[in-house]
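What follows draws every value from the coordinates through simple rules; no lab data is involved. Just so it is clear, the structure is predicted and the values come from calculations on it, not from any experiment. Cβ placement follows ideal geometry from the backbone for every residue including glycine, while neighbour counts extend to all protein chains displayed.
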Amino acid sequence: MLQTLFSRLAMRGAPFTGAHLPNPDHLPHLVEPRARGLIAALEGYGGDVFASCAGHGRMGGVPYWPHFAFLLDPARARVLAERLHDHPALAYRWSLAGHFMPRFGFDLGIALSISDRQKFDLGCVNADLRRLAGAIQAMGAGGERV
């Protein structure tokens, strides 16, 4: 079914941005350019990213908040959560939360905190995505604290 959807959209010349199309295998050509730096940093840190949205606020009354879903070992996840908590360089609070998804089992997600969603500003979100990518990249693949 998804292949049919993608085929129809491709035939119509629809742009693949990764924003609101299913991308369970996280295919690179479906990832939004604004999300690529953070995804590369998460993968460099040992995360296996399988879903993302760089966030667009409310479009037509429907909210599209930034979120990134991935698999990561618990020790690195703990360090990442500590790094995200009240990070002074970030405009918003970002949370690291666990979910259970049938296809992936227990996974983690980085998302804009619920309380910050009403203050959504695309420029601030973009700056935070770059800062998050830099902070995670600085942590390195070994999971050391910075």
Exercise. From Cα coordinates alone, what are the radius of gyration and Dmax values for the stretch 18-139 in angstrom?
Worked result: 13.4, 40
Exercise. Sorted from fewest to most neighbouring beta carbons within 10 Å, what does the list His87, His29 look like?
Worked result: His29, His87
Problem set entry | Radius of gyration and maximum dimension Dmax of the stretch 69-108, Cα, Å | 11.5, 35
